[in-house]
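The structure appears below as structure tokens.
The values are calculated or read from the model by the stated rules, or taken from the named source; none is laboratory data. Note that this is a predicted model, so its numbers are computed, not measured. Glycine gets a Cβ as well: all are built from the backbone with ideal geometry, and neighbour counts include every protein chain shown. In case anyone asks, the SASA skips ligands and DNA or RNA and just uses the protein heavy atoms, side chains included. Shrake-Rupley method; radii C 1.70, N 1.55, O 1.52, S 1.80 Å.
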Amino acid sequence: MSDSLSILISFCYIAVAVALCLLLDRAFSVPSVIVRKLLHMLSALWVILMAYGFESAAARALGPVLFIFINALYAYRKEGRFDSGLVTFPVSLLIVSLLFSFGYVSADTAISSMLVLGCGDGAAAVTGYFLHKTGKSIEGSISMFLVSMVVLLFFSLALPWCILVALAATVAERVTPYGLDNLTVPLTSALLMEVICVL
């Protein structure tokens, strides 16, 4: 697939994902935390196209770079302050894309590390919301660990390694300040998975 076509598909996909989330927010009054985490999960799925649809590092980086700036502007307009989480998510997509482009991580590692963030961290936030927990909760961490395990098992990682990577990602999410966990979770997961591949 050519880079031009992949870029077009990427922007169409993100546009549909954003439109779906806006519909859920405005027409169906779905809680904002659920809408936001759904958008994170859908955005994380973009790495599949990144890994298999693009030919060059520059093309892979284009989308994340644009959304770093778009999200930064949206964060200021929406909240009146700098919401680091909106910016660090596309930054993590950019870093993972570059690591894959230059051969530092495999396609499976790139995809699964972002899905651990998108699905695992999303599960933690949604669990906390439904249990009326503020901040990071034990229940949310358990949800993240379990969902991360399912994601990693899907990529045929042996069960003991799934437990290790899911636990490390959960700890990274738990101890990292808000917003920065969008960086520490996928990078911790990716690093561990690449080390495991060498063993």
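Tabulated data for the structure shown
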{"read-out": "Any hit, the stretch 126-134, residues being open to solvent by 80 Å² or more (accessible area, probe 1.4 Å), more than 14 Å from the chain's Cα centre (by Cα) and on the phi > 0 side of the Ramachandran plot", "value": "yes"}
{"read-out": "Qualifying residue in the stretch 99-106 (condition: closer than 26 Å to Tyr129 by Cβ, in contact (Cβ under 8 Å) with a residue 24 or more places away in the chain and not acidic (Asp, Glu))", "value": "no"}
{"read-out": "Residue check, Gly103 small (Gly, Ala, Ser) and either more than 30 Å from Ala57 (Cα to Cα) or open to solvent by less than 10 Å² (accessible area, probe 1.4 Å) (or both)", "value": "no"}
{"read-out": "Verdict on Val30 being out of contact with any strand residue (DSSP E or B) (no Cβ under 6 Å at 6 or more places or on another chain), on the phi < 0 side of the Ramachandran plot, among the aliphatic types (A, V, I, L, M) and not in a helix (DSSP H, G or I)", "value": "yes"}
{"read-out": "Residue in the stretch 148-155 that is modelled with pLDDT under 95, in contact with a Ser or Thr (Cβ under 6 Å, 6 or more places away or on another chain) and not in a helix (DSSP H, G or I) present", "value": "yes"}
{"read-out": "Considering residues of the stretch 159-199 that are open to solvent by 50 Å² or more (accessible area, probe 1.4 Å) and outside any helix (DSSP H, G or I) only, the residue farthest from Arg36 (Cα to Cα)", "value": "Leu199"}
{"read-out": "Members of the stretch 128-147 found to be in a helix (DSSP H, G or I) and either within 22 Å of Gly85 (Cα to Cα) or in contact with a strand residue (DSSP E or B) (Cβ under 9 Å, 6 or more places away or on another chain) (or both), listed by number", "value": "Gly128, Tyr129, Phe130, Ile138, Glu139, Gly140, Ser141, Ile142, Ser143, Met144, Phe145, Val147"}
{"read-out": "Residue list for the stretch 1-40, restricted to those being open to solvent by 80 Å² or more (accessible area, probe 1.4 Å), farther than 26 Å from His132 by Cβ and of a type in the set (Gly, Ala, Ser)", "value": "Ser4"}
{"read-out": "Pick from the stretch 41-59, criterion in a helix (DSSP H, G or I) and among the small types (Gly, Ala, Ser), ranking: surrounded by the most Cβ atoms within 10 Å (Cβ to Cβ)", "value": "Ala44"}
{"read-out": "Number of the condition not met by Val87 [criteria: (1) assigned to a helix (DSSP H, G or I); (2) touching a Ser or Thr at 6+ places or on another chain (Cβ under 9 Å); (3) open to solvent by less than 50 Å² (accessible area, probe 1.4 Å); (4) not polar (S, T, N, Q)]", "value": "(2)"}
